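Each reported figure results from applying straightforward, stated rules to the coordinates on display, with no laboratory input. On a predicted model such as this, the values are computed, not experimentally measured, just so you know. Don't worry about glycine lacking a Cβ; one is built from the backbone with ideal geometry, like all the others, and counts go over all protein chains shown.
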Amino acid sequence: GTPQNFYEAVGGEETFRRIVGRFYAEVAKDEVLRPLYPEEDLGPAEERLRLFLIQYWGGPHTYSDQRGHPRLRMRHAPFTIGPIERDAWLRCMRIAVDEERLPEPERTQLWEYLEMAANSLLNTWV
Ligand code: HEM
C-alpha cells in the first residue's frame, strides 16, 4: 500500500539492515572507532543501532521493548566522543547511506538527522 511514514517510504527493515550492516563493516576496519567497541563481536551493537533507527523512523518499537528509553547521551557517556570520533562515525555512515541510493528528499532527511545526532553526542571537545 501507500507508505505511511519514512520507514515504509524507504523500504522498511531491509533498507535499515543494509545501511547499518554496511556501516559496521566500515567500523570494523576503522582504527579510531573499532577500539571504542567493548565487545569483540560487533553483531549485537549492529542490531541495537538498526533497531533504534527503525524505531526512530516509524517502524516497530522493538528497540525500546528490549532496551527501554534510548537515552543516547547517557549510553554514550562511557566513550570519549570528540570531533575525531564524530568525524569517523559520520565517514563510515556516509559510505553506508550513499551506497543505499535512497531517493530524495529521504536521503537528505536521513543524512541531516544523522549529522545532528552525531553532533549531539559529543562529550569531549579536544
Ligand atoms: C552504542 C559509539 C553516534 C546510536 C554505541 C556504542 C559505541 C558507540 C562505542 C556501544 C556499542 C554497543 O551498542 O554495545 C558512537 C560514536 C558515535 C556514535 C563514537 C559518534 C558520534 C551515534 C549516533 C546514534 C547512535 C549518531 C544514533 C543516531 C547508538 C545506539 C547504541 C549505540 C542506539 C546502542 C545503545 C544501547 O541500547 O545500549 N555507540 N556512537 N550512536 N549508539 Fe553510538
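Tell me the angle of helix 13-27 to the major Cα principal axis of the chain, expressed in degrees between 0 and 90 and rounded to the nearest ten. The helix 13-27 is inclined about 20 degrees to the chain. Computed from Cα atoms, the angle from the helix 106-120 axis to the main principal axis of the chain rounds to 30 degrees.
Using alpha-carbon pairs under 8 Å, 6+ residues apart, how would you state the relative contact order of the stretch 6-120 in percent?
Numbers: 81 pairs, mean separation 42.4, N = 115.
Taking the mean separation of contacting Cα pairs over the length of the stretch 6-120, I get 37 percent.
Assuming charge only on the beta carbon of Lys and Arg (+1) and of Asp and Glu (-1), the dipole of the chain about its Cα centre is about 300 debye to the nearest 20. Where a ≥ b ≥ c are the square roots of the eigenvalues of the C-alpha gyration tensor, would you call the stretch 10-99 rounded, which needs a/c under 1.5, or, failing that, prolate if a/b is larger than b/c, or oblate? Verdict is oblate for the stretch 10-99. Here is the list for the stretch 8-76: trypsin sites (Lys or Arg not before Pro) lying in DSSP coil, each with at most 15 other C-beta atoms within 10 angstrom of its C-beta, are 29, 71.
Going by Cα centres, the stretch 33-64 and the stretch 70-126 are how many Å apart? Rounded to whole Å, the Cα centres lie 13 Å apart.
Against the main long axis of the alpha-carbon atoms of the chain, helix 83-100 sits at an angle near 30°. Ignoring the sites themselves, what is the longest stretch of the chain with no GluC sites (Glu not before Pro) in a DSSP loop and at most 13 other beta-carbon atoms within 10 Å? So the longest stretch without any such site is 41-126.
Loop sites only, by DSSP: take the chymotrypsin sites (Phe, Trp or Tyr not before Pro) in the chain that have at most 16 other C-beta atoms within 10 Å and name the longest stretch containing none of them.
On the way: sites that count: 79, 125.
Longest site-free region, per DSSP loop and neighbour criteria: 1-78.
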